[in-house]
There are 2 protein chains.
Amino acid sequence: MLEKTTRMNYLYDFYFSLLTPKQQSYMSLYYLDDYSLGEIAEEYEVSRQAVYDNIKRTEAMLEEYEEKLLLFQKFQERTRLLNQLKKSLNEDCSKQVILEAIEELAKLD
Amino acid sequence: MLEKTTRMNYLYDFYFSLLTPKQQSYMSLYYLDDYSLGEIAEEYEVSRQAVYDNIKRTEAMLEEYEEKLLLFQKFQERTRLLNQLKKSLNEDCSKQVILEAIEELAKLD
């Protein structure tokens, strides 16, 4: 569950601008502010089921956007490369290693 | 016009996966393969006006996606930083400069 929450937080971060204002509100209350479905339902004066359905649909949309655009996957890959680069800088400062990292980073776009 | 073509080619590259198959076909024939509107209309047995309208709408959608996700803008910024990093590597190999570039790159996500 924690893993899913983390993933949804990331996907929301990357794709929230493609969601409707209502989807943004529900997702942000549920995933960022840790509201329960019941609390969101009360706040918006709708049924708990309506909130649940909306959030499930939004989660599916976020996964679909990720499947198409891979922003989260590329972010992870880029983070890995940058950390690796930092680490190799601490060991020594080989131009070759840095140039290779730059090429890898450029390929990700 | 050339500038617009280049921009549309980039936006298409970043967001084509969010378009319908028909939008993808028209855009790719028009912008990548340099077909005229008339040639596309003939190929798909529709009016030239229909092709024109579809392409105009798709262009607007691509600009809207870019406004929301900024993938092209971030790509340009990342490319600039990587080129700058390569250049400073050729001058000398200062750890500080490289670490700063890494921080800048990480901030772009």
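The values are calculated or read from the model by the stated rules, or taken from the named source; none is laboratory data. Since this is a predicted model, take the numbers as computed values, not measurements. Here the Cβ is made from the backbone with ideal geometry for all residues, glycine too, and neighbour counts use every protein chain on show. For the accessible areas, the whole protein counts, side chains as well, though only heavy atoms, and no ligand, DNA or RNA atoms are used. Shrake-Rupley method; radii C 1.70, N 1.55, O 1.52, S 1.80 Å.
Using a simple spin-label model with pseudo-atoms 7 Å out from Cα toward Cβ, B:VAL97 and B:ASP33 lie 4.7 nm apart. Across segment B:78-84, computed HN-Hα scalar couplings (Karplus, 6.51 cos²θ - 1.76 cosθ + 1.60, θ = phi - 60°) run 5, 4, 4, 5, 5, 5, 4 Hz from first to last residue, x flagging Gly and Pro. Other residues lying with their Cβ under 15 Å from the Cβ of A:TYR26 contribute a combined charge of -4, Lys and Arg counting +1, Asp and Glu -1. Across segment A:96-108, computed HN-Hα scalar couplings (Karplus, 6.51 cos²θ - 1.76 cosθ + 1.60, θ = phi - 60°) run 4, 4, 5, 4, 5, 4, 4, 4, 4, 5, 5, 5, 5 Hz from first to last residue, x flagging Gly and Pro.
Loop-located trypsin sites (Lys or Arg not before Pro) in segment B:8-109 (DSSP state not H, G, I, E or B) with no more than 12 neighbouring Cβ atoms inside 10 Å do not occur.
Each pair of Cα atoms in chain B enters the Kirkwood radius, and Stokes-Einstein at 37 °C and 0.692 mPa s then converts it into a translational diffusion coefficient of 203 µm²/s.
Rounded to whole numbers, the Karplus 3J(HN,Hα) couplings from phi for segment B:7-20 are 4, 5, 4, 5, 4, 4, 4, 7, 10, 4, 5, 8, 8, 6 Hz, using 6.51 cos²θ - 1.76 cosθ + 1.60 with θ = phi - 60°, and x at Gly and Pro.
Let me check I've understood the local charge: for B:SER36, count other residues with C-beta under 11 angstrom from its C-beta, Lys and Arg +1, Asp and Glu -1. What total comes out?
Combined, the nearby Lys, Arg, Asp and Glu give -4.
Between B:ARG7 and B:LEU108, the modelled labels are 2.0 nm apart [label points 7 Å from Cα along Cα→Cβ].
Sorted from closest to farthest, the other copies place their A:GLN84 label points 2.4 nm away, with each point set 7 Å from Cα along Cα→Cβ.
Geometric descriptor of the protein assembly as shown, per residue, is 158 Å³ (volume of the convex hull of the Cα atoms).
Taking the label point 7 Å along Cα→Cβ, B:LEU2 and its counterparts in the other copies are spaced 5.7 nm apart, in ascending order. Of the three principal axes defined by the Cα atoms of segment A:1-41, the extents in descending order read 26, 25, 11 Å. Ordered shortest first, which distances in nm separate the 7 Å Cα→C-beta label point of A:ASP53 from those of the other copies? Listed shortest first, these distances are 3.3 nm.
Pairs exceeding 31 Å between alpha-carbon atoms, taken from B:LYS4/B:LYS107; B:LYS22/B:LYS107; B:LYS22/B:LYS86; B:LYS74/B:LYS95; A:LYS4/B:LYS87: B:LYS22/B:LYS107; B:LYS22/B:LYS86; A:LYS4/B:LYS87.
In what order, largest first, do B:ASP34, A:ASP53, A:ASP13 sit by accessible area if the probe radius is 1.4 Å?
On the way: B:ASP34 125, A:ASP53 60, A:ASP13 105 Å².
Sorted by accessible area, descending: B:ASP34, A:ASP13, A:ASP53.
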